[in-house]
Amino acid sequence: MATGDRGPNESLIGVPGSRHQLGTPSLVIDVDIMDANIASMARHAESHGYEVRPVGKIHKSIEITRRQVEAGGRGPCCATLAEVEVMVDAGFSDVMLFTSVVTAPKLDRLAEVNARAEGLIVCADHAANVIQLGEAARRSGRPIKVLVDLETGSYRTGVVGEDAALALARLIVDTDGLEYAGVQGYTGHHMNTTDYEARRARGLAVVEPVVRAVERLRAEGLDPEIVSGGGTGSHAFDHELDVFTEIQAGTYVLMDTNYYNVVQRHDEPSPFGPALFVRTTVISNCQPEFVMTDAGIKEVDVIFGIENPAILRGAPPGAVYEMAGDDMGKIRFANPGQDRLEVGDVVEILASHCYQTIVLYRYFHVVSGGTLVDIWPVDAYDNW
């Protein structure tokens, strides 16, 4: 990003103590915590025999993806075609799109990006879409790798059962322009279950359909090269059934309130630290029970029902952060009359969901210790 294009805090880059001078509301990454999170997941993957497929939708950042890949990760896993285009044009290979592309304009874009991609992977759960993908691949002049998308309990996309998975895999093999690459089997609704054993029991149960489908495919001579699934909340036990070749880990790199109290590993409850946060300033303190801030629902997302972003730093113990309006938040004190914040005080809060909050901003303010060391763009800001 060119000089002058990085927002009103750009002049603070490299200034000692500049983290504490950032104009607010501002989206901030502690790069030291983030890099430690990346290293922790990479070590776990290496020691348990799987690969990390970093989820690009979590941060939409070329630089963060680069760090994840350099730590041993595969190419990024993307939710949208726009994310794929950004990641391919940034030079990443082995990029995966886990949602279906079915409309003519997007199929044309898929053909265009595949023509300049190396090892592009897409997922499919419908025979007609497989035919469309074959046509797009032939237009692009190079093959597209396809995973059979398998339903495992999220009740979203995916074929149901081994018979359907086998039939679709055979169609992919028989379709000119496509390469059968394996299976995707992702279930996410248990990922933030706080108790480790309860989450593990549910997590292993939802992987059973993947195990059965892979066994059937192997028996029919369709051994999958890739079996993709799992995530941050299940990475500690996804490897136990020895079926996934890669884990679609996303939130671990930054963390959010959704995962804040989740016991991640049996032997290491909190291997990932909160690397992403929003700095917000107290703008009014007229009432003894609370103060008002400059970060509301246009600055911190609460769409999935976690209405109280965790307060990391700056507020009295027991205080609760609430949404008070489009551009205002409220910090409610645990001890009204005793607790106090002054106008101009700054509080750092952990987003309820990192990926939903990130798209409300154009920049990450990257800090190390007390210094703003860089400003990175949200590269894949456009959703579709």
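Bear in mind these aren't lab numbers, they're just calculated from the coordinates by the rules spelled out. Just so it is clear, the structure is predicted and the values come from calculations on it, not from any experiment. When we count neighbours, we look across all protein chains shown, and the Cβ atoms used for this are built from the backbone with ideal geometry, even at glycine.
Given the peptides 328-339, 172-183, arrange them by the average over their residues of other C-beta atoms within 10 Å, most packed first.
Averaged packing, sorted descending, gives the order 172-183, 328-339.
Ranking V214, V160 by Cβ neighbours within 10 Å, fewest first, what do you get?
Numbers: V214 25, V160 13.
In increasing order of surrounding Cβ atoms, one gets V160, V214.
Shape verdict for the stretch 1-137, please, from the Cα gyration tensor: rounded (a/c under 1.5), prolate (a/b greater than b/c) or oblate.
oblate
Assign unit charges at the C-beta atoms only (+1 for Lys and Arg, -1 for Asp and Glu), then state the dipole size of the chain relative to its Cα centre in Debye, rounded to the nearest 20.
260
For the stretch 333-360 and the stretch 255-297, compute the distance between their C-alpha centroids and round to whole Å.
That distance is 7 Å.
Have a look at the stretch 31-256 and give its Rg and Dmax from the Cα atoms, expressed in angstrom.
Considering the stretch 31-256 through its Cα atoms, Rg and Dmax are 16.8, 49 Å.
Exposure proxy check: M292, M34, M87 ranked by fewest other beta carbons within 10 Å?
M292, M34, M87
If you take every DSSP beta bridge whose two residues both sit in the chain, what share of them, in percent to the nearest 5, is antiparallel?
Once the DSSP bridges in the chain are tallied, antiparallel ones form about 50 percent.
Counting only complete DSSP H runs, which helices of the chain cover 15 Å or more along their long axis at the Cα atoms and score a mean Kyte-Doolittle of -1.0 or above?
Those that pass (Cα extent of 15 Å or more, hydropathy at least -1.0) are 31-48, 104-115, 127-140, 162-174, 196-219.
If you stretched the chain out fully between V320 and R156, how much longer would it get, using 0.36 nm times the residue separation minus the C-alpha to C-alpha distance?
55.6 nm
Which value in nm describes the separation of the simple spin-label points at D223 and A201, placed 7 Å from the Cα toward the beta carbon?
Reported label-point gap for D223 and A201 is 3.6 nm.
What is the sum of charges, Lys and Arg at +1 and Asp and Glu at -1, for the other residues whose Cβ falls under 12 Å from the Cβ of K145?
Result for the neighbourhood of K145: -3.
Using θ = phi - 60° and the Karplus form 6.51 cos²θ - 1.76 cosθ + 1.60, what ³J(HN,Hα) does each residue of the stretch 325-333 get, whole Hz, x for Gly and Pro?
x, 4, 10, 9, x, 9, 10, 9, 7
Between E118 and Q338, how high is the FRET efficiency from 1/(1 + (r/R0)^6) when r is the Cβ-Cβ distance and R₀ = 51 Å? Nearest 0.05.
Computed FRET efficiency for E118 and Q338: 0.25.
Taking the Cβ of I58 as the center, what net charge do the other residues with Cβ under 11 Å away carry, scoring Lys and Arg +1 and Asp and Glu -1?
0
Below 8 Å between Cα atoms, with a sequence gap of 6+, how large is the relative contact order for the stretch 343-384 in percent?
Numbers: 27 pairs, mean separation 12.1, N = 42.
Reported relative contact order: 29 percent.
Under unit Cβ charges (Lys, Arg +1; Asp, Glu -1), what dipole magnitude, rounded to 20 debye, does the stretch 145-287 have relative to its Cα centre?
620
Which order do the peptides 222-233, 248-259 take when ranked by the mean count of other beta-carbon atoms within 10 Å per residue, highest first?
Descending mean neighbour count gives 248-259, 222-233.
In whole angstrom, note down how far apart the Cα centers of the stretch 140-215 and the stretch 313-328 are.
40
What does the helix-only formula give at 222 nm for the chain: each DSSP H stretch with n ≥ 4 adding -39500 (n - 2.57), the total divided by the residues, and the result rounded to the nearest 500 deg cm²/dmol?
Estimated from H runs of four or more residues: -8500 deg cm²/dmol.
Report, in listed order, any pair from K57/K330; K60/K106; K60/K330 with a Cα-Cα distance greater than 22 Å.
On the way: K57/K330 29 Å; K60/K106 19 Å; K60/K330 29 Å.
Violating the 22 Å limit, Cα to Cα: K57/K330; K60/K330.
With the crude spin-label approximation of a point 7 Å out along Cα→Cβ, what separation in nm comes out for D32 versus T371?
1.1
By counting other Cβ atoms within 10 Å of each Cβ, how are L171, L241 ranked from fewest to most?
On the way: L171 19, L241 14.
Ordered by Cβ neighbours within 10 Å, fewest first: L241, L171.
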